[in-house]
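Data first, discussion second: the structure below is written as structure tokens.
The values are calculated or read from the model by the stated rules, or taken from the named source; none is laboratory data. Computed from a predicted structure; not experimentally measured. Here Cβ is always computed from backbone atoms with ideal geometry, including for glycine, and neighbour counts include all displayed protein chains. Accessible surface is based on the protein model in full, side chains and every heavy atom, while ligands, DNA and RNA are left aside. Shrake-Rupley method; radii C 1.70, N 1.55, O 1.52, S 1.80 Å.
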Amino acid sequence: MALHHTLILAFGLLGNIISLLVFLAPVPTFYTVYKKKTTEGFQALPYVIGLLSSMMYIYYALLKEELKEDATLVITINSVGCVIETIYISLFLFYAPKKARISTAMLLFLLNLFSYGMMVVLTRFLATGETRFKIVGWICLVFSLSVFVAPLGVLRQVIRTKSVEFMPFPLSFFLTLGAVAWFFYGFLIKDYYIAFPNMLGFLFGVVQMVVYVVYKNAKKFLEDQPKVQELSEHIIDVMKINTSVCPELSPAVILNPTVDITNDMIEVVQNIIVMAEKTEKTKEAAIDDDFSTKV
């Protein structure tokens with residue numbers, strides 16, 4: 001029995017420490033926002049959902065205390081989480097463009113004020129005791145899953161852009177570790193409203209880290225793409241100019257800008273050299289004709 005309580009305390013404290021690191025993981029992200037004075041492609045949804053989840057679990061823990069069950073470790077970390085998430089959201093609202101600011105404010109109103117307020121009012125007046133505790137427990141379970149799923153919304157952007165710039169690895173890493181600690185904590189105290197979502201949270205965290213590993217080296221490749229595109233457009237423009245002088249040149253490459261310029265770069269350069277020689281010969285012939293006319 002003593003070992004059981006020791007394990008509960010150990011995993012609870014470990015969960016608090018790791019969860020604190022989870023809350024602090026986006027600090028580099030918001031430091032970048034502060035330096036650039038813009039939120040760029042960052043999204044506020046994970047932080048809005050994180051704040052709501054902390055608020056939910058504070059309410060859940062207070063109901064648990066009403067049933068004479070200890071929930072101190074749940075209350076402490078989620079209280080800290082509320083403060084930190086509020087700071088993040090405030091910074092986002094300060095530096096975000098007008099459209100993102102409005103959408104984030106609407107999210108805050110709908111989720112953190114209206115929805116949360118309605119949940120508290122309805123459960124306080126329409127349910128009592130154990131029934132109220134179970135209802136709030138299920139609601140918290142759903143929102144805990146939302147905390148783990150919210151960063152997955154960035155995966156589409158990562159896969160589309162092949163860049164992990166907007167998916168901070170520390171957040172995914174610490175979410176996964178925290179999920180393991182809180183799973184064992186919930187399992188040991190037989191609180192499945194805590195254990196179950198953290199089991200799935202572990203799987204979601206692994207997915208995010210795998211995607212990060214796959215695309216972490218793609219940034220340099222993407223940075224080179226504009227240079228290739230710029231060179232391709234320059235070559236097309238040169239060919240347009242030379243076609244006006246050498247109409248016998250096939251216009252297929254010019255009329256089809258989707259041609260793979262990169263793979264045929266050597267051939268194109270050779271064509272440019274040939275066109276340049278033809279242009280020079282055309283100019284010389286024109287000069288000779290003009291000279292002959294004057295004579």
field: Estimated vicinal HN-Hα couplings, Hz - the stretch 121-129 in sequence order (Karplus 6.51, -1.76, 1.60; Gly, Pro = x)
entry: 5, 5, 6, 6, 9, 10, 9, 9, x
Residue-count net charge about residue 64 - beta-carbon cut-off 10 Å; Lys, Arg +1, Asp, Glu -1: -4
task: Within 10 Å, count the other beta carbons around each residue, average over each peptide in 64-76, 177-189, 13-25, 199-211, and list them highest first.
output: 177-189, 13-25, 199-211, 64-76
- line: Among 81, 116, 44, the residue whose Cα sits farthest towards the positive end of the charge dipole of the stretch 1-219 (+1 at Cβ of Lys and Arg, -1 at Cβ of Asp and Glu, taken about the Cα centre) is 44
- request: Holding the Cα-Cα limit at 19 Å, pick out from 35/162; 35/99; 36/162; 99/216; 35/216; 134/190 the pairs that are longer than that.
  value: 35/162; 35/99; 36/162; 99/216; 35/216
Euclidean distance of C-alpha centroids, the stretch 3-28 and the stretch 81-105, integer Å: 26
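Find the Rg to Rh ratio for the stretch 1-219, where Rh is the Kirkwood radius over alpha-carbon pairs and Rg uses the same atoms.
Ratio value, two decimals: 0.99.
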query: For the stretch 1-219, what is the accessible area per residue in Å², given a 1.4 Å probe and the full set of protein chains?
result: 52
message: Multiplying the sequence separation of residue 86 and residue 203 by 0.36 nm and subtracting their Cα-Cα distance, what value in nm do you get?
response: 39.4 nm
- request: Using a 1.4 angstrom probe on heavy atoms only, work out the carbon and sulfur share of the accessible area of the stretch 1-219 in %.
  value: 75
